[in-house]
């Protein structure tokens, strides 16, 4: 009876362990074949889907549970081996074969678990590396996009400055054209005045006499002022 109960317990632990390792192995395959990179979070914090999505646990919890099941399976296998050492009940070949089979399964399950855990670690590290690379690329693109936007803004400012310069030059050209028109009008008026003066007899002589008298009056006034200043200076020195 003790053998049957212990054997049943070992098979139950083995069945649970097989289910956990199967889900864990599927997770490793999904992580290795996934094209979307994981975030830069630690590997132990990655959430895992186990048992066809019926339960969602993190990696550390799943691995701890598998290790606990391995320890239970090893303990059950050792207890079965101890039952075979009873001298009052010699073991049968079936029992010896069962114990040997449990030992082989334990070694195989441990090897599968450690291999899957190593593969998962490598897959998560690769995804994290790809995530960092993608972040660097996005940051580089964003930086250059900002620089391009700044260049476009600067180009817009330069275009506005060029437009203002063009408007100023247009105004200057218009002013120059207006000055030339006024110069032409003044030149025409001066020509007409000269023609008028030439047509009136003696007008030019009268203007010349007026100009000479004005210069004479200017000289006389200057002499008077000079004499007055000289007299004032002489009186001031006495």
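The values are calculated or read from the model by the stated rules, or taken from the named source; none is laboratory data. In this text the structure is predicted, and so the values were computed from the model without any measurement. For neighbour counting, all protein chains shown are included, and Cβ atoms are generated from backbone atoms with ideal geometry for every residue, glycine included.
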Query raised in the report: If you check 72, 182, 171, which single one turns out to be at pLDDT 80 or above, touching a helix residue (DSSP H, G or I) at 6+ places or on another chain (Cβ under 8 Å) and in a helix (DSSP H, G or I)?
Result: 72
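With respect to residue 109, is the statement that it is modelled with pLDDT under 80, closer than 20 Å to residue 20 by Cβ and touching a helix residue (DSSP H, G or I) at 6+ places or on another chain (Cβ under 8 Å) true? Working first, answer last.
Working: modelled with pLDDT under 80: no; closer than 20 Å to residue 20 by Cβ: yes; touching a helix residue (DSSP H, G or I) at 6+ places or on another chain (Cβ under 8 Å): yes.
Criteria not met by residue 109.
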Query raised in the report: If a residue has to be touching a helix residue (DSSP H, G or I) at 6+ places or on another chain (Cβ under 6 Å) and touching a residue at least 24 places away in the same chain (Cβ under 8 Å) to count, how many in the stretch 75-102 make the cut?
Result: 6
Requested in this report: Tell me which of these residue 37 doesn't satisfy, since it passes every other one: (1) under 39 Å from the mean Cα position of the chain (by Cα); (2) surrounded by 16 or more Cβ atoms within 10 Å (Cβ to Cβ); (3) modelled with pLDDT of 50 or more.
Outcome: (3)
Requested in this report: Check residue 99 against each of (1) more than 23 Å from residue 12 (Cα to Cα); (2) part of a helix (DSSP H, G or I) and name the one condition it does not meet.
Outcome: (1)
Query raised in the report: So residue 233 clears everything in (1) surrounded by fewer than 10 Cβ atoms within 10 Å (Cβ to Cβ); (2) touching a helix residue (DSSP H, G or I) at 6+ places or on another chain (Cβ under 8 Å) except one condition, right? Which one?
Result: (2)
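Can you tell me which residue among 128, 150 is at pLDDT below 85 and either at positive phi or touching a helix residue (DSSP H, G or I) at 6+ places or on another chain (Cβ under 9 Å) (or both)? First the steps, then the outcome.
Working: 150 fails: either at positive phi or touching a helix residue (DSSP H, G or I) at 6+ places or on another chain (Cβ under 9 Å) (or both).
After applying the criteria, what remains is 128.
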